[in-house]
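For reference, the structure is listed below as C-alpha cells.
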Amino acid sequence: MRASLDDLREATRTRERELDLLAYQTREIEAVMPRPGEIDELIAEEARLAHVERLLDAGAVAEAALTGDDASADPLGVAARALDEAAALDPDVGTIADRATAVMAETAELARDVRAYRESLVADPERLHAVRERIAALKALQRKYGETDADVVAYLAEATSSLEELQGADERLAGLADEVEEAEDQVARSAAAMSDVRRRAAPRLAAAIRLELEELGMPGATVEVALDPLEHPGPAGSERVELRFANAPGQAPAPLGKTASGGELSRVMLACRSVMADLDEIPTLVFDEVDAGIGGRAGLAVGRRLARLARGRQVLVVSHLPQIACFADCHVRVTKRRDTAAVEVLDDTGRVAELSRMLAGLEQSSSAVSHAEELLDEASRVKAGG
C-alpha cells in the first residue's frame, strides 16, 4: 500500500503537465470532431467541385449525343422502327426488335440521368473552400493522432479516459492515504502484541535451552534471546530476534552463528528442537558433529534427545560416538578406501560388532561386546518409553 501511495504521489508531480496536454488534445480533436470515413467523402466532393466546369461540359456533350433534336439522326430509333416493321413480316426478327426497343428505352433513361447529373453540378467556390479547409483540419489531426479518422476518434476516447482518471487522482490519493494510515495502526497494534509476547517468552525460552545444554554436556553455556528493535515494523514484527551464545562462564554472549563451533551449533540446535519439538512441521533434521567434545553421560543424554525427536520426524545423525549411535533405529556404517566410499546397513549382530569397535577399537573384545549390548539395551528401554 505504501508503494502504491508513493507511486501515486510521484505521478501527481507530473499530473498537471499531463492534464494540460490531454485537455489540449481532447479540445483539438473535439473542435474538428471527425467521423470515420469522412475524409474520403470530402476528397471526392472536393474533386467534383474543383472540376465542375469540365464536368458540366462533359455532361452536355453526353446529353446531346443521347438526345439529339433530329429524330432521324437517332440511329437507335431508326434501327428499332425498322426492326419492328421487319418483325411484322418475319416473326423470327421479333426477339431482335425487342432488344432494340429495350436498348432505346435504356438510352432514354440514361439521357435523363445525365441531365439530372448536369443539373446537380453547381459551381460553389465557398463550398469548395470549406471542404478544403475541413480536409486540411482532418489531415492535421491524422498527422498527430492516427492514420485514419477512426484512429483519431479512438485516440480521443483513450485521451478522455486518461483525463478523467487523472482528474480523480486527488480523491484516490486521499483514500489510499487513509487506508495506509489504518493499516499502519493495525500493524502497530499487531507488532506491539507480538513484542509483548516475545518479551515474556524470551527469558523462559533461554532458560529452557540452557537446561538442555547442561544435559547435553555444555555446563556453563549461556544463551540469550535478544530482541533488537527495528526502525519500522516488518513482516516479523518490531524487532529482530537473535539467539546469542557463550560457551563458557564470563564470556559475553554473541550471535550464535559467529561464536559457536560446528558441534556447539548442532547441540544448540538439538536443544532448541527439544524445547520446541512441536512448533514446526520440518520432516527431516540432520545433525553433524553433535558429539564433538562430549562422551559418556553427556553422549547418552544427546542420544536420548535425538531418539525423542525421531518419534515425530526423520533424524539423520553423523556420529563417531557409540553412546549416540546405539539409539539409532537404523544404523548405517560408512567406510572409505582410497577414493571409494561404501555404505552398509547393519543388522543386530553387525551393530554390536560396530559399537564394540567404536568403544574399544576391537570388534571381538568381550568387555566391549558386553558394553555395546548394555548400550543397545538402554537405548531400547528409552525408546520404548522407559
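When the chain is fully extended, how far beyond the present Cα-Cα distance does Ser366 get from Ser380, taking 0.36 nm per residue of separation? Mind dumping the intermediate values first?
Working: separation 14, 0.36 × 14 = 5.04 nm, distance 2.09 nm.
The Ser366-Ser380 span can extend by a further 2.9 nm.
Using the Cβ-Cβ distance between Val78 and Glu45 with R0 set to 41 Å, the FRET efficiency works out to roughly 0.50. Relative protection proxy for 227-240, 154-167, from highest mean packing down: 154-167, 227-240 (other beta-carbon atoms within 10 angstrom). With Cα extents along the principal axes in Å as the read-out, I listed [x] 77, 50, 36; [y] 150, 63, 40; [z] 73, 41, 40; which label goes with the value calculated from this structure? Evaluating Cα extents along the principal axes in Å on these atoms matches [y]. Note on the range 1-122: with neighbouring protein chains present and a 1.4 Å probe, carbon and sulfur make up 56 percent of its accessible heavy-atom surface.
What number comes out for accessible area per residue over the chain if the probe is 1.4 Å? Units Å², please. Can you show the working numbers first?
On the way: 24090 Å² over 386 residues.
Ligands and nucleic acids excluded, the figure is 62 Å² per residue.
Straight-line reach only, C-alpha to C-alpha below 13 angstrom: list the aspartates and glutamates that Lys383 could link to, leaving out same-chain residues fewer than 8 apart. Lys383 reaches Asp329.
Comparing Gly94, Gly312, Gly59 in a Gaussian network model of the chain, where Cα atoms under 10 Å apart are tied by springs, the biggest mean-square fluctuation is seen for Gly94.
Reported to the nearest whole Å, the Cα centre-to-centre distance from the range 129-206 to the range 320-360 is 67. For the range 287-298, putting each phi into the Karplus relation 6.51 cos²θ - 1.76 cosθ + 1.60 with θ = phi - 60° gives couplings of 10, 10, 6, 5, 9, 5, x, 10, x, x, 4, 4 Hz, in residue order, rounded to whole numbers and with x for Gly and Pro.
How much net charge surrounds Ile135 when only the other residues with a Cβ under 12 Å from the Cβ of Ile135 are counted, with Lys and Arg +1 and Asp and Glu -1?
Details: positive: Arg132, Arg134, Lys139; negative: Glu38, Asp40, Glu41, Glu45, Glu46, Glu133, Asp149.
Summing Lys and Arg as +1 and Asp and Glu as -1 gives -4.
Between the range 258-316 and the range 32-107, the C-alpha centres lie 109 angstrom from each other.
For the range 221-324, the calculated P(r) over all alpha carbon pairs, in 5 Å bins from 0 to the bin holding the longest distance, is 2, 11, 19, 19, 19, 15, 8, 4, 2, 1 percent.
Nearest-5 percent of antiparallel DSSP beta bridges in the chain?
On the way: 17 of 22 bridges.
Given both bridge residues lie in the chain, the antiparallel proportion sits at roughly 75 percent.
Between Asp178 and Gln251, what is the FRET efficiency for a Förster distance of 30 Å, r being their Cβ-Cβ separation, to the nearest 0.05? Efficiency for this residue pair is about 0.05. Among the trypsin sites (Lys or Arg not before Pro) in the range 335-386, those placed in a DSSP loop whose Cβ has at most 10 other Cβ atoms within 10 Å are Arg338.
When the chain is treated as a Gaussian network with alpha carbon springs shorter than 10 Å, the biggest mean-square fluctuation among Asp20, Asp329, Asp124 belongs to Asp124.
Just the Kirkwood number for the range 150-218, please: inverse of mean 1/r across all distinct Cα pairs, in Å, one decimal. Mind dumping the intermediate values first?
Numbers: mean 1/r = 0.0572 Å⁻¹.
About 17.5 Å, per the Kirkwood formula over Cα pairs.
As a fraction of the 1.4 Å probe accessible area of the range 273-347, surface on carbon and sulfur atoms comes out at 50 percent.
Here the simple spin-label model places points 7 Å from the Cα toward Cβ, and for Asp98 and Leu21 these points are separated by 7.3 nm. Note on the chain: GNM, Cα springs under 10 Å; of Glu224, Glu126, Glu171, the largest mean-square fluctuation is that of Glu126.
Averaging the sequence gap over all C-alpha pairs within less than 8 Å and six or more residues apart, then dividing by the number of residues, gives the chain a relative contact order of 11 percent.
Helix-only mean residue ellipticity at 222 nm, the chain, DSSP H runs n ≥ 4 weighted -39,500 (n - 2.57), per residue, nearest 500. What is it? Walk me through the numbers before you get to the answer.
Numbers: 14 runs with 255 residues, N = 386.
That comes out to -22500 deg cm²/dmol.
On the basis of the beta-carbon distance and an R0 of 22 Å, Glu10 and Thr160 show a calculated FRET efficiency of 0.40.
The values are calculated or read from the model by the stated rules, or taken from the named source; none is laboratory data. None of the values given here were measured: they were computed from a predicted structure. Glycine also receives a Cβ, built like all others from the backbone with ideal geometry; neighbour counts cover every protein chain displayed. To get the accessible areas, we keep the full protein, side chains included, count just its heavy atoms, and leave off ligands, DNA and RNA. Shrake-Rupley method; radii C 1.70, N 1.55, O 1.52, S 1.80 Å.
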